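Asker: Here's a structure for you.
Derivation of every value follows stated rules applied to the coordinates shown; laboratory data play no part. Only a predicted model underlies this, so the values are computations on that prediction, with no experimental measurement involved.
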């Protein structure tokens, strides 16, 4: 799959938001800004689309909602918790998983992150 050369780190979390597994993968990372006008004013957010080709993922890899992804290598020598990864390193939370492994040309996972 073209343009899937970014080094990504996938963090599997347990029910208490503790990191249970760190999985390095290669994929794409596209950020875009979205805004909406509400009765409380302008709401602005960053949305990220990430694609992970099946051939770049380890065997048995299945992404899940509410796990974290970091664009880049994982931090070394620190306790990895969800708040530290989000606020210090800018990790994004998986909000939607699209399983596109059945496509013929380029089977992949498409993830929507915030």
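Asker: Compute the convex hull volume of the Cα atoms of segment 65-114, divide it by the residue count, and report the result per residue in Å³ as a whole number. Working shown, then result.
Answerer: On the way: hull volume 4.3 nm³, N = 50.
Once divided by residue count, the hull of segment 65-114 is 87 Å³.
Asker: Kindly give the semi-axes, whole Å and largest first, of the ellipsoid equivalent to segment 6-113, taking each as the square root of 5 times a Cα gyration tensor eigenvalue.
Answerer: The three semi-axes for segment 6-113 are 23, 20, 12 Å.
Asker: Would you compute, from DSSP H runs of 4+ residues alone, the mean residue ellipticity of the chain at 222 nm, taking -39500 (n - 2.57) per run and dividing by the full residue count, rounded to the nearest 500?
Answerer: Value at 222 nm, helices only, nearest 500: -1000 deg cm²/dmol.
Asker: Defining a contact as two alpha carbons under 8 Å apart and six or more residues distant in sequence, what relative contact order in percent does the chain show?
Answerer: Value for the chain: 28 percent.
Asker: For segment 28-60 and segment 85-107, what is the separation of their Cα centres, given in Å?
Answerer: 9 Å
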